[in-house]
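Engineer: Following this message is one structure expressed as structure tokens.
Rule-based calculations on the coordinates, nothing more; no lab input. Quick caveat: nothing in here was measured; it's all calculated off a predicted structure. As a convention, Cβ positions derive from the backbone with ideal geometry for all residues, glycine included, and neighbour counts pool all protein chains shown.
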Amino acid sequence: MSLVLDPAAQDLLFREARTANTFTDEPVTEEQVQAIYDLVKYGPTAFNQSPLRITLVRSEEARERLVGLMAEGNQAKTRTAPLVAILSADNEFHNELPALLPHFPQAKDMFFSERPVREQAALVNATLQAGYFIVGVRAAGLAAGPMTGFDFAAVQKEFLDDDHTPLMVINIGKPGEDAWFPRSPRLEQDEVITTV
Ligand SMILES: Cc1cc2nc3c(=O)[nH]c(=O)nc-3n(C[C@H](O)[C@H](O)[C@H](O)COP(=O)(O)O)c2cc1C
């Protein structure tokens, strides 16, 4: 009763949404990816810095290179998912800040002139956006399989550059047979929420 979101949408985005480990071969289209991005781009970030970058792995050659850098247990699903995306944090996000924060363009030099500060901000805010992205994938009626089990340094070298830090690889598609492990329990409210 306290939630205003339609119960079916609550199920689609959270209660019945699962982390998929197998997929059908139904393709994920560019239109779906664009619709997901056009939704999740509105998720908030500090100073609207929007540091998430997304690399879609579409070619067979790139896919095989990536599979070879995944942990063994992640290889089969990364090979067979209809779409694989590498999510990264842009440590040079400040270059876009004047356009992204037109009412306060000085923020770029006032707060983000130093690289270590940018790296910290990019990590927090791009990870936040990665969460929005997973929910956006679900909003498109698809399942996401996020993974951090891979060689981060090698993925950065092969697919990104010094300015982009890998965050996670996400398999995307319609869930296939035996797509999930049993649902694991979640922490209860009294284990998580304190009031002061
Ligand atoms: C950031 C992140 C990294 C993850 N890395 C892996 C991984 O490397 N391999 C894997 O099999 N699952 C990985 N998972 C999947 C989680 O174990 C799974 O999302 C979680 O247990 C919840 O599962 P459920 O959505 O089916 O309830 C990862 C999930 C997240 C969000």
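Engineer: Let me know the Kirkwood hydrodynamic radius for segment 78-161, please, with Cα pairs as the basis and the value in Å to one decimal.
Structural biologist: About 15.0 Å, per the Kirkwood formula over Cα pairs.
Engineer: Another question, then. Find me the longest stretch of the chain that has none of the exposed trypsin sites (Lys or Arg not before Pro), where exposed means in a DSSP loop (not H, G, I, E or B) with at most 15 other Cβ atoms within 10 Å.
Structural biologist: Numbers: sites that count: ARG18, LYS41, ARG58, ARG183, ARG186.
Between the exposed loop sites, the longest stretch runs 59-182.
Engineer: Within the chain, what's the longest stretch lacking GluC sites (Glu not before Pro) that sit in DSSP loops with no more than 12 other Cβ atoms inside 10 Å?
Structural biologist: Of all site-free stretches, the longest is 17-113.
Engineer: Which order do TYR37, TYR132 fall in if you start with the one that has the fewest other Cβ atoms within 10 Å?
Structural biologist: Going from least to most buried by this count: TYR37, TYR132.
Engineer: Then there is this: Using the Cβ atoms and a cut-off under 15 Å, what net charge is assigned to the surroundings of VAL67, where Lys and Arg are +1 and Asp and Glu are -1?
Structural biologist: So the environment of VAL67 carries a net charge of -1.
Engineer: Now for a different question. Multiply the residue gap between VAL192 and GLU60 by 0.36 nm, knock off their C-alpha separation, and tell me the result in nm, one decimal place.
Structural biologist: 43.2 nm
Engineer: Just need the relative contact order of the chain here, percent rounded to a whole number, with Cα pairs under 8 Å and 6+ apart. Spell out each step's value before the answer.
Structural biologist: Values: 289 pairs, mean separation 68.1, N = 196.
About 35 percent, as a whole number.
Engineer: Still on this structure, please answer the following. Going by the alpha-carbon gyration tensor, a ≥ b ≥ c the square roots of its eigenvalues, is segment 1-60 rounded (a/c under 1.5) or, if a/c is not under 1.5, prolate (a/b greater than b/c) versus oblate?
Structural biologist: In terms of gyration-tensor shape, oblate.
Engineer: Which chymotrypsin sites (Phe, Trp or Tyr not before Pro) in segment 137-196 sit in a loop by DSSP (not H, G, I, E or B) and have at most 13 other Cβ atoms within 10 Å of their own Cβ?
Structural biologist: Qualifying residues, ordered by number: TRP180.
Engineer: Something else now. For segment 15-175, what is the convex hull volume of the alpha-carbon atoms per residue, in Å³?
Structural biologist: 111 Å³
Engineer: Let me ask something additional. Take segment 120-196, drop everything but the C-alpha atoms, weight them equally and run the Debye formula without solvent; then report log10 I(q)/I(0) at 0.13, 0.22 Å⁻¹ to two decimals.
Structural biologist: -0.61, -1.15
Engineer: In nm, to one decimal, how far is the LEU101 label point from the THR127 one, both placed 7 Å along Cα→Cβ?
Structural biologist: Spacing of the two 7 Å Cα→Cβ label points: 2.0 nm.
Engineer: Which value results for Rg/Rh of segment 53-108 when Rg is the Cα radius of gyration and Rh the Kirkwood radius based on the inverse mean 1/r? All intermediate terms of the calculation are to be shown ahead of the outcome.
Structural biologist: Values: Rg = 16.9 Å, Rh = 13.6 Å.
Over the Cα atoms of segment 53-108, Rg/Rh equals 1.24.
Engineer: Based only on other Cβ atoms within 10 Å, what is the fewest-to-most ordering of THR195, THR29?
Structural biologist: THR195, THR29
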